[in-house]
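Only one structure is covered here, and it is reproduced in the block below.
The values are calculated or read from the model by the stated rules, or taken from the named source; none is laboratory data. Keep in mind the model is a prediction, meaning the values are calculated, not measured. Neighbour counts are summed over all protein chains in view; Cβ atoms, including those assigned to glycine, are modelled from backbone coordinates with ideal geometry. Keep in mind that these areas ignore ligands, DNA and RNA; they rest on the heavy atoms of the full protein, side chains included. Shrake-Rupley method; radii C 1.70, N 1.55, O 1.52, S 1.80 Å.
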Amino acid sequence: MNNAALAQKFYDKNSDYSKLAFEKGNLLPHRYVFVLTNLCNLKCSFCFQERKKNPERMFASDWIKFIEDGVPDNSRITLTGGEPLAYKGFNEIFVKANKKNYTNIITNGTLLNEKFFELFLNENNFKVLSVSIDTIGNVNRDFKIDQWKKLLNDLKFFKKKISEKKRDIVINIKTVITDENIKEIVDLNKIVTEEIEADTHDLMLLKGAEIQHSDVIHDYTDAHKEYKAYKYQNFNFLIDQLNIIRERNYKLNTKAFLHPNIIPLNTNQIIEVEKYKYLNEEDHNPKNFKTCLSPWTSVHINVDGNVIPCMAFPIGNVKKQNLKDIFFSDKSETFKNDIKKCGTLPGCNRCGWLKSS
């Protein structure tokens, strides 16, 4: 089984748990996203993180204590930020997280080096390295040419080491789609699959509400506010480009996914514009989507210990409460009941976890 197939197996396992957790209603989440820091060594114009040092931030000892006392064994821990590799104490948290859980990392890739790769390879439970690449050269992320060349060389080096060590680590590339980079995504996909030889390529539509997965805390009422998603001016051209990527995937047996994961990019079926025009609507229509199961299977722990289900309103704080009390708190249950009733909420506008009805 190749690593792309392993990634699909891992995804299917999480989907199965989501359905079980939704049905039972008494299970703790399976996925824990650690927002280690909201600080970053880049200043991307489109970034929604506040990028200010939080006086209530969690230290490495706080994260390790939460892993020991809160996170159930065999869960999935995602380490992200900001830039997680810049976080003081990252190595200790990473090693601890891998003792009894599976891990993945989301990074901008600028700080990758051989010492990090050695660390990753030494932990058998480390499964996915996700790196953000939005344009050729990552120019929209203010990359310099030497940073771009280094990133490509680093990822190719790590791919080689994964093969040599016979490890089942997936290299995943994440690309945020904008009107400006649509014309590049086919060529970028070629770099991802042929030069880097990454296992998966995630193409992500711009989210439609700032409350989603943000380090800026909101009130729960904001989940019910109406939001306007960005309307792509070149949506038809985007579909044309996705069809080219879909054809390449099918022919070469490579893997790419669109977020929301609604348009299939790994089949021989042509993507028809009319069928998916609703993905480019400004307003959120719950009738287009299935009931979201994410609130039953995943939580984010913010830099200050605040727990958010997916939208950035707090349901508790791991520095003050245990996980069970947080996840089954009145605030959390209110949110889950609202999702059960409505399927999705206005704050779900173009969330990457949406699934078509």
Accessible area of the chain with a 1.4 Å probe: how many percent of it is carbon plus sulfur? 50 percent
Please work out the average accessible area per residue across the stretch 25-170, using the 1.4 Å probe convention, and give it in Å². 48 Å²
Taking the Cα centre of the stretch 234-282 as origin, work out the dipole magnitude from +1 charges on Lys and Arg Cβ and -1 charges on Asp and Glu Cβ, in debye rounded to 20. 320 debye
Given a cut-off of under 8 Å on Cα pairs at least six residues apart, what relative contact order in percent is computed for the chain? 20 percent
Report the calculated FRET efficiency for K53 and N268 (r = Cβ-Cβ distance, R0 = 51 Å), to the nearest 0.05. 0.50
Pull out the extension gain between S15 and D187, defined as 0.36 nm times the separation in residues minus the alpha carbon to alpha carbon distance; nm, one decimal. 58.8 nm
Too long for a 26 Å Cα-Cα cut-off, among K13/K255; K52/K324; K13/K331; K88/K150; K144/K251; K100/K324, are K52/K324; K13/K331; K144/K251
Could you give the dipole magnitude of the stretch 86-243 about its Cα centre, charging the beta-carbon of Lys and Arg +1 and that of Asp and Glu -1, in debye to the nearest 20? 640 debye
If you take every residue apart from I326 with its C-beta less than 12 Å away from the C-beta of I326, what net charge results, scoring Lys and Arg +1 and Asp and Glu -1? +1
Summing -39500 (n - 2.57) over the DSSP H runs of n ≥ 4 in the chain and dividing by its residue number, what mean residue ellipticity at 222 nm do you reach, to the nearest 500 deg cm²/dmol? -10500 deg cm²/dmol
Roughly speaking, what is the centre-to-centre gap between the stretch 286-336 and the stretch 123-147 when only Cα atoms are used, to the nearest Å? 29 Å
At a Förster radius of 22 Å, what calculated FRET efficiency corresponds to the Cβ-Cβ distance of F157 and N91, to the nearest 0.05? 0.70
Per residue of the stretch 53-59, what does 6.51 cos²θ - 1.76 cosθ + 1.60 with θ = phi - 60° give for ³J(HN,Hα)? Whole Hz please, x for Gly and Pro, Karplus curve as stated. 5, 8, x, 9, 4, 7, 9
What's the FRET efficiency of K115 with I145 using the Cβ-Cβ distance as r and R₀ = 25 Å, to the nearest 0.05? 0.55
What is the distance, in nm, between label points placed 7 Å from the Cα along the Cα-to-Cβ direction at K287 and at D325? 4.5 nm
Once you charge only the Cβ atoms, +1 for Lys and Arg and -1 for Asp and Glu, what is the size of the charge dipole of the chain about its Cα centre, to the nearest 20 debye? 640 debye
Under 16 Å from a point placed 7 Å out from the Cα of I217 along the Cα-to-Cβ direction: which residues of the stretch 287-312 have their backbone N that close? 300-312
So, with points 7 Å from each Cα along the Cβ direction, the L27-Y250 label distance in nm works out to 3.4 nm
